[in-house]
Amino acid sequence: MALLPRELRRRWKGSVGVDATLIRSHARAEKRSRRRTSKRDKPVVEMHSVDPDAAWYRREPDQRDDYRQGAAGSGKIAWGFEATLAVSGPDQPDADQVFPNLVVAMAVLHQPGHDVGHNGTEALASLSERGYPAHYLAADRAYSSAKAEDFQLAALAFGYRPVYDYKIDQLGVKASAQGFLQIEGAWYCPSIPTPVIDATLDYREGRIDEATYRARLEERWRYRARPKSNLDAEGHGRFQCPAANPWPLARCDLKPTSVRSETAGRLRITVRSDVGAKPPPSCSQQSVTIPPEAGAKFAQALLYGSAEWQATYNLLRNTNEGMNGYLKDPAHEALDDPGRRRIHGVAAQSVLVAFLILAANVRKIRSFLLVTRTGPGTAQRRSRRRRTRSIENWRPQSPSVPVATGPDPPLIA
């Protein structure tokens with residue numbers, strides 16, 4: 001990072017993508033006996049591995065981020081470690097890239113799939129301790145499934161604005177606070193209709209098409225609770241329902257001042273019978289306070305499924321995947337080749353991997369400055385690489401003109 005010019009370092013506002021990648025070990029896995037007298041008996045280790053700190057890495061096809069119907073994938077199994085990396089990414093998806101994507105933090109190597117949230121927090125803590133800014137944080141479903149006290153609350157404490165994806169069993173209502181319902185990361189009115197609550201679930205299971213799904217999302221967002229102010233120093237936030245004063249965006253009988261001539265034509269909230277019988281604080285008060293731990297496991301900064309969420313999440317996640325491929329390029333650092341790291345132990349492997357990542361960062365910084373810099377303090381957008389041929393391929397070449405090699409002709413007076 002220090003190799004970058006100061007004006008480029010300041011352009012990064014702190015957006016990162018966090019993910020773990022496989023680090024294969026140059027060792028054979030332990031061999032265990034399959035003979036068991038009962039199901040309670042654990043397999044006996046017959047041959048130990050020379051790298052006992054490693055473990056089996058297993059990735060099944062259904063663990064992919066891509067949940068679209070028909071997506072194909074193949075499983076992967078290997079003996080090794082995982083490296084949890086935080087990779088810098090763009091803060092605005094639609095802006096030109098003026099900062100190279102670098103590995104800005106790394107947790108000590110660990111066994112695959114173990115303590116996912118804790119290792120992600122370790123990488124973020126390193127960034128915070130070094131004084132780097134915090135902005136968007138993108139992480140896949142392994143991190144949204146972690147315990148809130150292990151990852152999500154720590155990320156919020158560091159100042160990050162999480163952007164998550166969810167497993168199918170994490171959709172719909174997952175928390176409540178002061179009467180508000182948390183649906184896929186945001187707070188909503190308790191009388192929100194069931195079809196818009198289950199919009200994402202219905203779409204993933206194929207009960208509705210994409211056009212219907214988008215229409216239901218737009219309808220859902222009309223019931224969203226509005227933040228009255230920014231979070232305070234302790235992470236608490238004040239929220240109010242869409243029909244609350246002084247600028248009601250909806251009409252609700254539980255908020256009589258919202259039903260007036262000025263609000264004619266706006267969303268009319270149909271109060272559910274249980275909510276009307278015993279209104280919660282969100283319906284009986286103009287605003288309520290929600291503590292940081294309420295719904296922290298699935299809370300995120302952007303509206304799930306919106307164009308802004310899609311662009312931010314995909315771009316930051318792609319920076320991780322792209323950097324993993326960059327690090328594992330066999331022509332350079334070859335992080336995926338255990339034969340170039342013939343040493344055992346998690347400490348030694350962590351040091352070697354850190355040096356390889358440093359080399360990759362230096363290589364990427366040099367390439368970025370070489371391609372994008374035209375002068376001190378000036379950056380330009382990289383030219384787009386096309387897969388089709390340019391029109392210049394059909395430009396006719398000028399016919400060659402023979403050059404006379406004999407003596408000059410005499411001048412005529």
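What follows is calculated from the coordinates using simple rules that are stated; it is not laboratory data. Remember, predicted model here, so these are calculated numbers, not experimental data. Cβ sites come from the backbone with ideal geometry, for glycine too, and all protein chains shown count toward neighbours.
Counting neighbouring beta carbons within 10 Å and listing from fewest to most, the residues 216, 11, 24 come out as 11, 24, 216.
For the residues 180, 99, what sequence is obtained by ranking on other C-beta atoms within 10 Å, fewest first?
By the 10 Å Cβ count, ascending: 99, 180.
The simple spin-label model puts a point 7 Å past each Cα toward its Cβ; for residue 236 and residue 13 those points are separated by 2.8 nm. Ordering 337-345, 259-267, 115-123 by mean Cβ neighbour count within 10 Å, with the highest value first, yields 115-123, 337-345, 259-267. The distance separating the Cα centre of the stretch 195-248 from that of the stretch 291-366 comes to 31 Å. Per DSSP H run of n ≥ 4, the term is -39500 (n - 2.57); total these for the chain, divide by its residue number, and report the mean residue ellipticity at 222 nm rounded to 500 deg cm²/dmol. After summing the helix terms and dividing by the residues of the chain, the value is -7500 deg cm²/dmol.
With Kirkwood radius over Cα pairs in Å in mind, check (i) 21.9; (ii) 25.4; (iii) 23.2 and report the label derived from this structure. Correct label, based on the coordinates given: (ii). In the stretch 206-227, which residues have a backbone nitrogen under 18 Å from the label point lying 7 Å from residue 266's Cα in the Cα-to-Cβ direction? Backbone N within reach: 219-227. Charging the Cβ of each Asp and Glu at -1 and of each Lys and Arg at +1, and nothing else, the dipole of the chain about its Cα centre rounds to 340 debye. Ordering 283, 186, 23 by the projection of their Cα atoms onto the charge dipole of the chain, which places +1 on the Cβ of Lys and Arg and -1 on the Cβ of Asp and Glu, puts 23 at the extreme positive end.
Each part gets one Cα centre, and for the stretch 146-189 versus the stretch 250-265 those centres are 30 Å apart. Counting only whole DSSP H helices of the chain, the ones at least 27 Å long by C-alpha along their axis and with mean Kyte-Doolittle hydropathy no lower than 1.0 are 346-372. Residue by residue through the stretch 158-167, which ³J(HN,Hα) values in whole Hz follow from phi under the Karplus form 6.51 cos²θ - 1.76 cosθ + 1.60 (θ = phi - 60°), with glycine and proline marked x? Result, ordered by residue: 6, x, 7, 10, x, 9, 10, 10, 10, 6 Hz.
First measure r as the distance between the Cβ atoms of residue 32 and residue 284, then evaluate 1/(1 + (r/R0)^6) with R0 = 45 Å and state the FRET efficiency to the nearest 0.05. Show your work: numbers first, answer last.
Numbers: r = 61 Å, r/R0 = 1.35.
That gives a FRET efficiency of 0.15.
Here the gap between residue 259 and residue 219, fully extended at 0.36 nm per residue and compared with their Cα-Cα distance, gives a gain of 12.4 nm.
For the pair residue 47 and residue 274, what calculated FRET efficiency results from E = 1/(1 + (r/R0)^6), where r is the Cβ-Cβ distance and R0 = 45 Å, to the nearest 0.05? Provide the component values of the computation, followed by the final result.
On the way: r = 62 Å, r/R0 = 1.38.
The computed FRET efficiency comes out at 0.15.
Pop the C-beta distance of residue 157 and residue 1 into the FRET formula with R0 = 30 Å and round what comes out to the nearest 0.05. Provide the component values of the computation, followed by the final result.
Details: r = 23 Å, r/R0 = 0.76.
Efficiency for this residue pair is about 0.85.
A simple charge model with +1 on the Cβ of Lys and Arg, -1 on the Cβ of Asp and Glu and nothing else charged puts the dipole of the stretch 293-364 at about 260 debye relative to its Cα centre.
Summing Lys, Arg as +1 and Asp, Glu as -1, what charge do residues with Cβ under 14 Å from the Cβ of residue 131 carry, residue 131 excluded? Please report the intermediate quantities before stating the final value.
Values: positive: 9, 10, 13, 130; negative: 129.
Taking every other residue near residue 131 into account, the sum is +3.
Fully extending the segment from residue 210 to residue 147, taken as 0.36 nm per residue of separation minus the present Cα-Cα distance, adds 19.5 nm.
Ordered by the number of other Cβ atoms lying within 10 Å of each residue's own Cβ, fewest first, 192, 168, 269 fall into the sequence 168, 192, 269. Distance between the modelled labels on residue 332 and residue 303, one decimal in nanometres: 3.9 nm (7 Å Cα→Cβ projection).
Couplings 3J(HN,Hα) for the stretch 169-186, derived from phi with the Karplus relation 6.51 cos²θ - 1.76 cosθ + 1.60 (θ = phi - 60°), are 7, 9, 8, x, 6, 10, 6, 8, 7, 6, x, 5, 10, 8, 10, 6, x, 10 Hz, where x marks Gly and Pro.
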